[in-house]
Amino acid sequence: MAALAALETVYREAKADPAFEAEMQSYLRHYVGRPTPLYFARRLTEHLGGARIYLKREDLCHTGAHKINNTVGQVLLTRRMRKSRVIAETGAGQHGVATATVAALFGLACEVFMGTEDMRRQALNVVRMRLLGAKVTPVESGSRTLKDAINEAMRDWVTNVETTHYVLGSVLGAHPYPMIVRDFQSVIGREARVQIMEMEGRLPDYLVACVGGGSNSIGLFHTFLDEPAVRMIGVEAGGLGIETGRHAARFASGELGVLHGTMSYILQDDDGQIRPTHSVSAGLDYPSVGPEHSYYRDRGRIDFVSATDAEALEAFQLLSRLEGVIPALESAHAIAHTKQLAPTLRKDEIVVVNLSGRGDKDVEVVAKLLGCEVQG
Amino acid sequence: MKGMNRIDTRFRQLKESGERALMPYLTAGDPDLATTRALILELERRGADLIELGVPFSDPLADGVTIQRASQRALSGGTTLARILEMIKGLRADCRLPLLLMSYVNPIFHFGYTRFAREAAAAGVDGVIVPDLPPEEAAELIEATAAHNLHTIFLIAPTSPQSRIRAIAAASKGFIYYVSLRGVTGARSSISGDLDTVLRMIRAETDLPIAVGFGISTPEQVRMVSRVADGVIVGSAIVSLLEQTTGQTDQLQRIGEIVASLKAATVNQSIFP
């Protein structure tokens, strides 16, 4: 608790400090490569035959996903706190890679906790983190996925809190984390807003993003929350189908509960034990969701739907073939829903999809699922 | 439920006799509730003063590997909060010790705070410790439990500043749980040396007894902590022995002997200060 209070104080000071903002902007521009393009997906739009589809290209950020927007911010906070070590959890490996990258940039020691199930399916990212000088610690407990990696990172943090900052990668955990991560990610929506005004002269009708913990979606949505004409859709991992119970769709069958210091919708059993989740995408495979998402869902401001593994896999291939963009399996869930949504809309309506990450990391998994061989 | 809470009674008796409380921890249902029941009775016979029963949780954030494994065994055996309460109810005729539940917040939240307070008190539980529920977020639980004379005990960490110590002390009843190290539960070879200073800081804010836990495993450590604290909590060391002696006929006796030696370390303290 003391560390959380200290983090909040440092964050609020940094936020009020123009020098911090300037440094942040400088790294986002020159190191991360922002602003990322808002790209009109012409062939996808024509193929679906409905609304005009734009992709916010977070896959073009350095390291290949939106995660680095937050790690740059949190590592700058770490320096402000004069801590010498950062730790992180990772599911798909993108947040781990982003943390390892920025730690390397500033010469900080870095340890990333990752479930062994995720290490298996995102092996490429494990190698990347190690190349970047990070220690990757396998987590064998529980379901060996993101939730267990967070457990282990939190255990490390309470043990080494004097020297270590925990770079949490999503809008999860106790306050102030969901606020800090949201603020650092909201650059996505701020840019998209300016870009769509330039390109279309008006705000979009729909925003679509996948939701694991919820950082890329809140990053896109946040700036538009006060615009009632902009509808927002979060796409959860439907796994093998909601009816099978093997999914990570918290809003489909979760109940209010507390996990990792946050009250939100949680997949749990009748005794309040956290239920195992399933998704083809490691980054969406988590039993809870950011508390702000739950709040806006209950208020009816953000709608939530789900896409199954199979639908995501199909969308993964569709976008690759039509646009020459291989999306991360996580982002493919957003594309999968867009596939259903766009044809139901008028041709002058606008949908902005957050393409939160690129799919290189998933090529091996996808190859296996599609039954083709990866030649060595 | 009127009258004195067993926790208060026990600490008052200990104070009168100049003793410190030995507070063993067991994960309820590890590996089954019948074993837990037998252990509670054995521990009482061997001199334990209060017993802390862990409610197993799928994601025990504050626990090290020993108790993580114990929780997993208990869950695999089908242990639930409702069954733990049932076991305690059945045990009460034979056991006079104060019994505390240590549970992560979600199983209790899911059970319902009001229902939990009512059923736990009816079963004979005396207090509850929720390591992932800070007092700032605990108003509902405190209100529900206070109505049934069930004590809520909060944790003070080595990193807690004086202002938080004050808030935690104000929210606690029965005793204060001081976490003797930065980190998670589990046996350690040494314990922090500046315990005396911290406990003085806490005593400046409260008259409640202070129990110290996390990382304490040997009679020597218990003796050291007993010099300055009112109670000593030993968890992972006992859980670990339970794990090692699985299936052995003298399991109960061996755990009983360890607990007796730990209790002796608290008593000796008061005889030879």
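Give me the summed buried accessible area for the B-A pair, 1.4 Å probe, to the nearest 100 Å².
Numbers: alone 11870 and 14750 Å², together 24550 Å².
Interface between B and A: roughly 2100 Å².
Just want to confirm a number: the relative contact order over the range B:166-225, from Cα pairs under 8 angstrom separated by 6+ residues, in percent. Kindly include the intermediate steps, with their values, before the conclusion.
On the way: 63 pairs, mean separation 29.5, N = 60.
Taking the mean separation of contacting Cα pairs over the length of the range B:166-225, I get 49 percent.
Residues of the range B:199-273: accessible area per residue at 1.4 Å, in Å²?
Working: 3250 Å² over 75 residues.
Result: 43 Å² per residue.
P(r) tail for the range B:1-114, what percent of Cα pairs lie past 17 Å? Don't skip to the end; give the middle numbers.
Values: 3656 of 6441 pairs.
Tail fraction, whole percent: 57.
Non-local amide H neighbours of B:Thr152 (under 5 Å, H modeled in plane, Pro and chain starts lacking H): which ones?
HN-HN under 5 Å from B:Thr152: B:Val128, B:Lys173.
Would you mind checking the pairs A:Lys135/A:Lys339; A:Lys15/A:Lys147; A:Lys347/A:Lys368 and listing those with alpha carbons more than 31 angstrom apart?
Values: A:Lys135/A:Lys339 40 Å; A:Lys15/A:Lys147 29 Å; A:Lys347/A:Lys368 37 Å.
Distance filter (> 31 Å) returns A:Lys135/A:Lys339; A:Lys347/A:Lys368.
Leaving ligands, DNA and RNA out of it, rank B:Glu140, A:Glu349 by accessible area with a 1.4 Å probe, largest first. Please report the intermediate quantities before stating the final value.
Values: B:Glu140 130, A:Glu349 30 Å².
Largest accessible area first, the residues go B:Glu140, A:Glu349.
Tally up the carbon and sulfur contribution to the accessible surface of the range A:29-83 as a whole percent, 1.4 Å probe, everything protein left in place. If you can, show how the numbers build up before the last one.
Details: 950 of 2090 Å².
Ligands and nucleic acids excluded, carbon and sulfur reach 45 percent.
Determine the equivalent ellipsoid of the range A:301-376 by diagonalising the alpha-carbon gyration tensor, then write out the semi-axes as square roots of 5 times the eigenvalues, largest first, rounded to whole Å. All intermediate terms of the calculation are to be shown ahead of the outcome.
Details: eigenvalues 127, 32, 24 Å².
That gives 25, 13, 11 Å for the three semi-axes.
Rounded to whole Å, give me the distance from the Cα center of the range B:1-35 to that of the range A:102-161.
So the two Cα centres are separated by 40 Å.
Roughly how crowded by other chains is peptide A:261-274, in terms of the mean Cβ count from those chains within 10 Å of each of its Cβ atoms? Could you put the intermediate results ahead of the total?
Numbers: counts 6, 0, 4, 0, 0, 3, 0, 5, 3, 4, 15, 14, 12, 5.
For this peptide, the per-residue mean of nearby foreign Cβ atoms is 5.
In the Gaussian network model of chain B, springs joining C-alpha atoms below 10 Å, which of B:Leu81, B:Leu133, B:Leu101 carries the largest mean-square fluctuation?
Of B:Leu81, B:Leu133, B:Leu101, the Gaussian network model singles out B:Leu133 as fluctuating most.
Considering only DSSP beta bridges whose two residues both sit in the range A:233-376, what percent are antiparallel, to the nearest 5? Walk me through the intermediate numbers first.
Working: 9 of 15 bridges.
About 60 percent, rounded to the nearest 5.
Cross-link candidates for A:Lys361: which lysines have Cα within less than 16 Å, leaving aside residues fewer than 8 places away along the same chain?
List returned: A:Lys67.
Rounded, prolate or oblate, given the Cα gyration tensor of the range A:1-125, with a/c below 1.5 counting as rounded?
Working: a/c = 2.38, a/b = 1.46, b/c = 1.63.
Oblate is the answer for the range A:1-125, as a/c is 1.5 or above yet b/c matches or exceeds a/b.
Can you classify chain A as rounded, prolate or oblate using the Cα gyration tensor, where a ≥ b ≥ c are the square roots of its eigenvalues, rounded means a/c under 1.5, and otherwise it's prolate if a/b beats b/c and oblate if not?
Working: a/c = 1.39, a/b = 1.22, b/c = 1.14.
Rounded shape, in that the Cα axes give a/c under 1.5.
What residues have an amide H closer than 5 Å to that of A:Glu89, excluding those fewer than 5 places away on the same chain, when H is modeled at 1.01 Å from N in the peptide plane?
Distant-sequence amide H within range of A:Glu89: A:Phe113, A:Gly169.
Just check chain B against the gyration tensor rule for me: Cα atoms, a ≥ b ≥ c as the square roots of the eigenvalues, rounded for a/c under 1.5, and otherwise prolate or oblate depending on whether a/b exceeds b/c.
Values: a/c = 1.33, a/b = 1.05, b/c = 1.27.
Rounded shape, in that the Cα axes give a/c under 1.5.
Could you list log10 I(q)/I(0) for the range A:152-229 at q = 0.14, 0.19 Å⁻¹, which the Debye formula gives when each Cα is one point scatterer?
Each listed q maps to, in turn, -0.55, -0.81.
Would you check the accessible area of A:Asp183, probe 1.4 Å, heavy atoms only, in square angstrom rounded to 10?
30 Å²
Compute the accessible area per residue over chain A, keeping the other protein chains in place, probe 1.4 Å, unit Å².
Result: 37 Å² of accessible area for each residue.
Whose amide H sits under 5 Å from the amide H of A:Gly50, counting only residues 5 or more places off or on another chain, with H placed in the peptide plane?
none
Taking the dipole about the Cα centre of the range B:45-168, with the C-beta of Lys and Arg at +1 and of Asp and Glu at -1, give me whichever of B:Gly127, B:Ser76, B:Leu150 is farthest to the positive side.
B:Ser76
Please give me, ordered by residue number, the trypsin sites (Lys or Arg not before Pro) of the range A:178-232 that lie in loop per DSSP and have at most 16 other Cβ atoms within 10 Å.
Taking the range A:178-232 and a limit of 16 other Cβ atoms within 10 Å, the loop trypsin sites (Lys or Arg not before Pro) found are A:Arg202.
Count, for each residue of A:1-10, the Cβ atoms from other chains sitting within 10 Å of its Cβ, then give me the mean as a whole number. Spell out each step's value before the answer.
On the way: counts 11, 7, 3, 1, 4, 2, 0, 0, 0, 0.
Average neighbour count from other chains, rounded to a whole number: 3.
Using a 1.4 Å probe, how large is the accessible area of A:Ser143, given in Å² and rounded to the nearest 10?
Surface accessible to solvent at A:Ser143 totals approximately 40 Å².
For the protein assembly as shown, report the translational diffusion coefficient in µm²/s to the nearest whole number, using Stokes-Einstein at 20 °C, 1.002 mPa s, and a Kirkwood Rh over Cα pairs.
Working: Rh = 26.1 Å.
The Stokes-Einstein estimate is 82 µm²/s.
With all protein chains present, how much of the accessible area of the range B:119-273 (probe radius 1.4 Å) comes from carbon and sulfur, to the nearest whole percent?
52 percent
Going by Cα centres, the range B:125-195 and the range A:202-233 are how many Å apart?
40 Å
What accessible surface, in Å², does a 1.4 Å probe find on B:Asp196, ignoring ligands, DNA and RNA and rounding to the nearest 10?
60 Å²
The values are calculated or read from the model by the stated rules, or taken from the named source; none is laboratory data. Just so you know, these numbers come straight off a predicted model, no measurement behind them. Methodologically, a virtual Cβ is constructed for each residue, glycine included, from the backbone with ideal geometry; neighbour enumeration extends over all protein chains shown. For accessibility, only protein heavy atoms count, side chains too; no ligands or nucleic acids. Shrake-Rupley method; radii C 1.70, N 1.55, O 1.52, S 1.80 Å.
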